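The values are calculated or read from the model by the stated rules, or taken from the named source; none is laboratory data. For clarity, every value in this text was computed on a predicted model and none was experimentally measured. Counting neighbours? That spans all protein chains shown, and the Cβs are built from the backbone with ideal geometry, glycine included.
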Amino acid sequence: MDLIIVTDAQEQPVSLDDLKAFLRVDHTDEDDTVRGILESATRFVEDFTKRKLVTTVYNGFLNAFPEGEVIEFPMPPLASVASIKYIDTSGVQQTWDAANYVVDTAPDRGIVYPDYNITYPSIRTQRKAVEIQFTAGYGSPDSVPEGLKQAIKILSSTLYENREAHVVGLNVMEIPFSAKALLRPFQSWYF
């Protein structure tokens, strides 16, 4: 599924004040630096776990409906599906009625499939023939699991203390073990 962000997360999962307290930074001189580190650490955690932490709206594109009948969503957790549109055989974009499909947000990856006795509509064979608008993420920053927030803080601390990729006399730094340990249970292996 090709993805385009429609509405990116409006907040970071960890607030600037919480991160500054964790870093023991009690001045505002480096707020821009700390904010940049927070954004970088958050993106790393999202890339490593293949999850979206705070509510984000996507448009996902498929070239066809899947033969296996289940559409799996990247960037779990799936919160909701707003619409499924497709290019019909005449080349006109149609919206598939939500009564025709089931959205299951319970699996880690989230899935959509046709309701009982319903099949996917016929579509034109072309790139991006199916467009699905969906929302992913845990919701607000308060809903993000603490393990993910703690990993962001640890990574931010490492980036704050070591602002270059290496320290003289040492090899290139790796992710701190404690951060990896916190992230492993949240890794999505589906994509």
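Quick notes on this one:
Residues are listed down the side, and each one gets a yes or a no for (1) closer than 18 Å to residue 9 by Cβ; (2) at pLDDT 70 or above; (3) outside any loop (DSSP other than H, G, I, E, B):
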site	(1), (2), (3)
124	no, yes, no
151	yes, yes, yes
163	no, no, no
166	no, no, no
170	no, no, no
175	no, no, no
178	no, no, yes
185	no, no, yes
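- Summed over the stretch 45-73, residues that are in contact with a helix residue (DSSP H, G or I) (Cβ under 6 Å, 6 or more places away or on another chain) and aromatic (Phe, Trp, Tyr) total 1.
- Count of the stretch 86-119 residues, restricted to those that are of a type in the set (Gly, Ala, Ser) and within 26 Å of the chain's Cα centre (by Cα), is 3.
- Residues located in the stretch 74-90, provided they are under 30 Å from residue 144 (Cα atoms) and not in a strand (DSSP E or B): 74, 75, 76, 77
- Taking the stretch 91-122 as the range and being small (Gly, Ala, Ser), part of a loop (DSSP other than H, G, I, E, B) and free of Cβ contacts under 8 Å to residues at least 24 places away in the same chain as the test, only 106 passes.
- Matching residues, the stretch 52-97, being closer than 15 Å to residue 125 by Cα, surrounded by fewer than 20 Cβ atoms within 10 Å (Cβ to Cβ) and hydroxyl-bearing (Ser, Thr, Tyr): 89, 90
- In the stretch 126-140, of all residues being charged (D, E, K, R) and assigned to a loop (DSSP other than H, G, I, E, B), the one that is surrounded by the fewest Cβ atoms within 10 Å (Cβ to Cβ) corresponds to 127.
Rundown of residues vs (1) over 20 Å from residue 156 (Cβ atoms); (2) without any contact (Cβ under 8 Å) to a residue 24 or more places away in the chain; (3) over 17 Å from the mean Cα position of the chain (by Cα); (4) not assigned by TED's automatic domain parsing to the domain that holds residue 111, yes/no style:
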| position | (1), (2), (3), (4) |
| --- | --- |
| 9 | no, no, no, yes |
| 61 | yes, no, no, no |
| 73 | yes, no, no, no |
| 84 | yes, no, yes, no |
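- When residue 8 is tested against (1) in contact with a strand residue (DSSP E or B) (Cβ under 8 Å, 6 or more places away or on another chain); (2) closer than 21 Å to residue 104 by Cβ, just one condition goes unmet, and that condition is (2).
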